[in-house]
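Heads up: the structure comes next, in C-alpha coordinates.
The values are calculated or read from the model by the stated rules, or taken from the named source; none is laboratory data. As the structure is a prediction and not an experimental result, all values here were calculated from the model. Cβ: placed from backbone, ideal geometry, glycine included. Neighbour counts: every protein chain shown. In case anyone asks, the SASA skips ligands and DNA or RNA and just uses the protein heavy atoms, side chains included. Shrake-Rupley method; radii C 1.70, N 1.55, O 1.52, S 1.80 Å.
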Amino acid sequence: MTIITVNAPKGRLGLERRRELAETLTDAVLVPEVGQPAPAARVGFQVHFVEREREMMAIGGRLLSDAAQELDVMVIDVAVMDAAWQPDVRGQVIERVLAALAAACGLEKPSPTWWVNFRVIDEGSWGSSGGVLSVLPLLDSGVFTEERVKAVRAALGV
(Lines give C-alpha, C1' and ligand atoms only; values in the text may rest on other atoms or scores of the structure.)
Protein backbone atom coordinates (compact mmCIF):
# COMPACT_ATOMS: atom_id res chain seq x y z
CA MET A 1 0.00 0.00 0.00
CA THR A 2 1.28 3.42 -0.95
CA ILE A 3 -0.59 6.69 -0.63
CA ILE A 4 0.57 9.81 -2.45
CA THR A 5 -1.17 13.04 -1.46
CA VAL A 6 -0.67 16.14 -3.61
CA ASN A 7 -1.55 19.40 -1.86
CA ALA A 8 -1.77 22.33 -4.29
CA PRO A 9 -3.48 25.69 -4.63
CA LYS A 10 -6.99 25.45 -6.03
CA GLY A 11 -6.97 25.32 -9.83
CA ARG A 12 -3.21 24.57 -10.10
CA LEU A 13 -3.72 21.04 -11.42
CA GLY A 14 -6.52 20.71 -13.94
CA LEU A 15 -8.24 17.45 -14.81
CA GLU A 16 -5.77 16.43 -17.55
CA ARG A 17 -2.77 17.11 -15.30
CA ARG A 18 -4.37 15.06 -12.52
CA ARG A 19 -5.01 12.20 -14.95
CA GLU A 20 -1.36 12.26 -16.01
CA LEU A 21 -0.09 12.55 -12.44
CA ALA A 22 -2.29 9.71 -11.21
CA GLU A 23 -0.25 7.43 -13.48
CA THR A 24 3.19 9.04 -13.35
CA LEU A 25 3.25 9.53 -9.57
CA THR A 26 2.21 5.91 -9.10
CA ASP A 27 5.06 4.84 -11.38
CA ALA A 28 7.48 7.18 -9.57
CA VAL A 29 7.08 5.12 -6.40
CA LEU A 30 6.06 1.70 -7.74
CA VAL A 31 9.19 1.04 -9.82
CA PRO A 32 11.70 1.76 -7.00
CA GLU A 33 9.52 -0.07 -4.48
CA VAL A 34 9.03 -3.36 -6.33
CA GLY A 35 11.97 -3.08 -8.74
CA GLN A 36 9.91 -3.13 -11.95
CA PRO A 37 6.77 -1.62 -13.52
CA ALA A 38 4.50 -4.44 -12.30
CA PRO A 39 0.88 -3.87 -13.43
CA ALA A 40 -0.46 -6.22 -10.71
CA ALA A 41 1.04 -3.97 -8.01
CA ARG A 42 -0.77 -0.83 -9.20
CA VAL A 43 -3.93 -1.58 -7.19
CA GLY A 44 -1.94 -1.00 -4.00
CA PHE A 45 -1.28 2.64 -4.91
CA GLN A 46 -3.58 5.59 -4.31
CA VAL A 47 -3.06 9.20 -5.38
CA HIS A 48 -5.12 11.89 -3.66
CA PHE A 49 -5.33 15.47 -4.92
CA VAL A 50 -6.15 18.08 -2.29
CA GLU A 51 -6.86 21.62 -3.44
CA ARG A 52 -6.51 24.49 -1.02
CA GLU A 53 -7.62 28.07 -1.39
CA ARG A 54 -4.67 30.46 -1.72
CA GLU A 55 -5.63 32.06 1.61
CA MET A 56 -5.21 28.61 3.22
CA MET A 57 -1.54 28.24 2.22
CA ALA A 58 1.46 30.35 3.19
CA ILE A 59 5.15 30.52 2.39
CA GLY A 60 7.72 32.66 4.15
CA GLY A 61 5.10 33.77 6.65
CA ARG A 62 2.77 35.23 4.00
CA LEU A 63 -0.48 33.84 2.68
CA LEU A 64 -0.28 33.01 -1.01
CA SER A 65 -3.28 35.26 -1.56
CA ASP A 66 -1.29 38.20 -0.11
CA ALA A 67 1.95 37.56 -2.01
CA ALA A 68 2.98 40.20 -4.53
CA GLN A 69 3.87 37.49 -7.04
CA GLU A 70 2.21 34.23 -8.01
CA LEU A 71 3.97 31.54 -5.97
CA ASP A 72 3.88 27.92 -7.14
CA VAL A 73 3.62 25.98 -3.88
CA MET A 74 2.91 22.25 -3.60
CA VAL A 75 3.48 19.64 -0.90
CA ILE A 76 3.52 15.98 -1.87
CA ASP A 77 3.29 13.39 0.89
CA VAL A 78 4.40 9.87 0.02
CA ALA A 79 3.43 7.25 2.64
CA VAL A 80 4.80 3.74 2.08
CA MET A 81 4.82 0.40 3.92
CA ASP A 82 7.94 -0.48 5.86
CA ALA A 83 10.35 -2.18 3.46
CA ALA A 84 13.84 -1.57 2.05
CA TRP A 85 13.83 2.22 1.89
CA GLN A 86 17.52 3.04 2.08
CA PRO A 87 18.40 6.72 1.54
CA ASP A 88 19.33 6.14 -2.13
CA VAL A 89 15.94 4.51 -2.86
CA ARG A 90 14.11 7.30 -1.02
CA GLY A 91 16.10 9.84 -3.00
CA GLN A 92 15.20 8.11 -6.24
CA VAL A 93 11.49 8.25 -5.34
CA ILE A 94 11.67 11.94 -4.40
CA GLU A 95 13.49 12.82 -7.63
CA ARG A 96 11.01 10.79 -9.70
CA VAL A 97 8.03 12.45 -7.99
CA LEU A 98 9.42 15.94 -8.61
CA ALA A 99 10.26 15.09 -12.24
CA ALA A 100 6.72 13.75 -12.81
CA LEU A 101 5.25 16.96 -11.40
CA ALA A 102 7.49 19.13 -13.55
CA ALA A 103 6.63 17.16 -16.69
CA ALA A 104 2.88 17.30 -15.99
CA CYS A 105 3.12 21.05 -15.38
CA GLY A 106 5.16 21.65 -18.55
CA LEU A 107 8.25 22.83 -16.69
CA GLU A 108 11.88 21.98 -17.39
CA LYS A 109 12.61 21.51 -13.69
CA PRO A 110 10.66 21.36 -10.44
CA SER A 111 9.87 24.55 -8.57
CA PRO A 112 12.01 25.16 -5.45
CA THR A 113 8.72 25.71 -3.57
CA TRP A 114 7.52 22.15 -4.17
CA TRP A 115 8.23 19.88 -1.23
CA VAL A 116 8.11 16.10 -0.97
CA ASN A 117 7.71 14.33 2.37
CA PHE A 118 8.66 10.66 2.32
CA ARG A 119 7.17 8.70 5.23
CA VAL A 120 7.63 5.05 6.07
CA ILE A 121 4.73 3.56 8.02
CA ASP A 122 6.03 1.04 10.55
CA GLU A 123 5.32 -2.66 10.06
CA GLY A 124 1.97 -3.38 11.71
CA SER A 125 0.71 0.19 11.31
CA TRP A 126 -1.26 -0.18 8.04
CA GLY A 127 -4.86 -1.33 8.15
CA SER A 128 -7.38 -2.36 5.48
CA SER A 129 -10.04 -4.99 4.83
CA GLY A 130 -10.74 -5.33 8.53
CA GLY A 131 -7.18 -6.01 9.63
CA VAL A 132 -3.52 -5.10 9.76
CA LEU A 133 -1.50 -5.31 6.55
CA SER A 134 2.12 -6.34 6.13
CA VAL A 135 4.51 -6.15 3.22
CA LEU A 136 5.77 -9.67 3.98
CA PRO A 137 2.97 -11.65 2.25
CA LEU A 138 3.33 -9.37 -0.76
CA LEU A 139 6.93 -10.49 -1.27
CA ASP A 140 5.69 -13.82 -2.66
CA SER A 141 3.15 -12.18 -5.01
CA GLY A 142 5.50 -12.09 -7.98
CA VAL A 143 5.45 -8.30 -8.36
CA PHE A 144 8.75 -7.70 -6.55
CA THR A 145 12.03 -8.46 -8.29
CA GLU A 146 14.28 -10.97 -6.50
CA GLU A 147 16.68 -8.14 -5.72
CA ARG A 148 13.91 -6.12 -4.01
CA VAL A 149 12.63 -9.20 -2.12
CA LYS A 150 16.12 -9.79 -0.70
CA ALA A 151 16.50 -6.11 0.19
CA VAL A 152 13.12 -5.97 1.95
CA ARG A 153 13.76 -9.18 3.90
CA ALA A 154 17.18 -7.87 4.96
CA ALA A 155 15.74 -4.48 5.97
CA LEU A 156 13.03 -6.13 8.06
CA GLY A 157 15.35 -8.79 9.46
CA VAL A 158 13.37 -11.77 8.14
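For segment 79-158, the relative contact order is 43 percent, taking Cα pairs closer than 8 Å that sit 6 or more residues apart in sequence and dividing their mean separation by the residue count. Here is the P(r) of segment 45-119: all C-alpha pair distances, binned every 5 Å from 0, give 3, 13, 22, 22, 19, 13, 6, 3, 1 in whole percents. Restricting the calculation to alpha carbons of segment 1-47 gives Rg and Dmax of 11.5, 34 angstrom.
Over segment 105-158, what portion of Cα pair distances is larger than 13 Å, expressed as a whole percent?
Details: 1031 of 1431 pairs.
Of all Cα-Cα distances in segment 105-158, 72 percent exceed 13 Å.
Compared with the dominant principal axis of the Cα atoms in the chain, helix 146-156 is inclined by about 90°.
Between V50 and S128, the simple label model (points 7 Å from Cα in the Cβ direction) yields a spacing of 1.9 nm.
Here the chain has 53 percent of its accessible surface on carbon and sulfur atoms, given a 1.4 Å probe and all protein chains in place. Rg then Dmax, both in Å and based on the Cα atoms of the chain: 17.0, 54.
Can you give the FRET efficiency for R42 and K109, using 1/(1 + (r/R0)^6), R0 = 22 Å, r = Cβ-Cβ distance, to the nearest 0.05? Could you put the intermediate results ahead of the total?
On the way: r = 27 Å, r/R0 = 1.25.
Taking R0 as 22 Å, the efficiency between R42 and K109 is 0.20.
Tell me which GluC sites (Glu not before Pro) from segment 1-94 have a DSSP coil assignment and no more than 11 other beta carbons within 10 Å of their own. List each step's numbers first, then the result.
Details: sites: E16, E20, E23, E33, E51, E53, E55, E70; in loops: E53, E70.
Answer in residue order: E70.
What does the helix-only formula give at 222 nm for the chain: each DSSP H stretch with n ≥ 4 adding -39500 (n - 2.57), the total divided by the residues, and the result rounded to the nearest 500 deg cm²/dmol?
Working: 3 runs with 49 residues, N = 158.
Here the helix-only value at 222 nm equals -10500 deg cm²/dmol.
Would any residue of segment 8-43 have its amide N under 18 Å from a label point 7 Å out along Cα→Cβ of A99? List them or say none. Inside the label zone: 20-38.
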